[in-house]
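Below is one structure, written out as structure tokens; comments come after it.
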Amino acid sequence: MTSDLRLLCIIVLLILKTNSGLLYSQQTDFIAGKVINPVTSSPIPFATIKLKYNQLGVYANAEGDFKIARNPEFHDDSLLISCIGFKQNSLAFKNLNEKTNNKIFLTPVVYGLAEVKVTASLSRLNSVAIIRK
């Protein structure tokens, strides 16, 4: 009888041990992503990622990686991803994959500046005159 009880205890413990990962596993609290330049396939460091309607935003790190909180309130919101020198991109929050690292591409853009003229004045002002003005 005691050997049957021992065998039963061992079986129960084995079942609990094999299913403990399922019992104690948690959902991820963040959605991960990486901001990438599609032309060079290199990461875009320090890009700004913010939600359009909710007051939440993050910055990508030096490798272009970021994590943003996964919240049911954000399901109908959009991510706005921007960085200097790149065209802003918009992405629906519900289209992000929770299980993999989401790749977001920002297209490089060049803005031209108008001509700037620098001219010198003939009159020289001393420090007292500059302070009076």
Testing the spin-label approximation: label points 7 Å from Cα along Cα→Cβ at ALA120 and LEU7. State their distance in nm. 10.4
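Rounded to a whole number, what % of the accessible area of the stretch 1-120 do carbon and sulfur atoms account for, probe 1.4 Å?
59
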TYR53 accessible area, nearest 10 Å², 1.4 Å probe? 150
What are the ³J(HN,Hα) values, in whole Hz, obtained from phi via the Karplus relation 6.51 cos²θ - 1.76 cosθ + 1.60 with θ = phi - 60°, for each residue of the stretch 52-60 in sequence order, with x given for Gly and Pro? 5, 9, 8, 8, 9, x, 9, 10, 6
Tell me the per residue accessible area of the stretch 90-133 using a 1.4 Å probe; a whole number in Å² is fine. 98
Cα point-scatterer Debye curve for the chain, base-10 log of I(q)/I(0) at q = 0.09, 0.11, 0.15, 0.16 Å⁻¹: -0.54, -0.64, -0.79, -0.85
Sorted by mean Cβ packing within 10 Å, highest first, what order do the peptides 43-52, 112-121 take? 43-52, 112-121
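The values are calculated or read from the model by the stated rules, or taken from the named source; none is laboratory data. Treat the numbers as computed from the prediction; the structure is a model and nothing was measured. Don't worry about glycine lacking a Cβ; one is built from the backbone with ideal geometry, like all the others, and counts go over all protein chains shown. Please note that ligands, DNA and RNA were not included when accessible areas were found on the heavy atoms of the full protein model with its side chains. Shrake-Rupley method; radii C 1.70, N 1.55, O 1.52, S 1.80 Å.
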